[in-house]
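To keep things clear, I will list the structure first and then write my remarks on it.
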Amino acid sequence: MCLSTVYKNTKSPETVVMKNVMALECKDGCVILTDLMERSVVIEGHLVSANLVDGFVIVQETA
């Protein structure tokens, strides 16, 4: 199972949005994250990069 940590704008400990993300959906200008406990977070923005081998995703927030 590939789980990822999602960061907002840059990859640093201060910008972690959610850990153990199992699903990611881009819809209507938002990125919807869902973790193992099925909690969801919605970020207005777009996907910048996803490295599933290293387990991280970067989402650029819309200003």
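Structure above, values below:
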item	result
Whole-Hz ³J(HN,Hα) from phi, Karplus 6.51 cos²θ - 1.76 cosθ + 1.60, for the range 18-28, glycine and proline x	7, 10, 6, 6, 10, 9, 9, 9, 9, 8, 6
Test item: Cα-centred dipole of the chain, Lys/Arg +1 and Asp/Glu -1 on Cβ, debye	100 debye
Accessible-area composition of the range 1-61, carbon plus sulfur, in percent [1.4 Å probe]	51 percent
Calculated SAXS-style log₁₀ I(q)/I(0) at q = 0.21, 0.24, 0.25 Å⁻¹ - the chain, Debye, Cα scatterers	-0.75, -0.98, -1.07
Solvent-accessible heavy-atom area per residue, rounded to whole Å², over the chain at 1.4 Å	67 Å²
Most fluctuating residue given options SER12, SER49, SER40, as computed from a GNM of the chain linking Cα atoms under 10 Å	SER12
Considering only the chain, percent of DSSP beta bridges that pair antiparallel, nearest 5	85 percent
Sequence ranges 2-11, 22-31, ranked by mean other-Cβ count within 10 angstrom, highest first	2-11, 22-31
Fluctuation leader among VAL42, VAL16, VAL53 - the chain, Gaussian network, Cα springs under 10 angstrom	VAL53
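The values are calculated or read from the model by the stated rules, or taken from the named source; none is laboratory data. Since we're looking at a predicted model, the values are computed, not measured. Because the Cβ atoms are built from the backbone with ideal geometry, glycine has one as well, and the counts that use them run over all protein chains shown. Heads up: the accessible areas ignore ligands, DNA and RNA and are worked out on the full protein's heavy atoms, side chains in. Shrake-Rupley method; radii C 1.70, N 1.55, O 1.52, S 1.80 Å.
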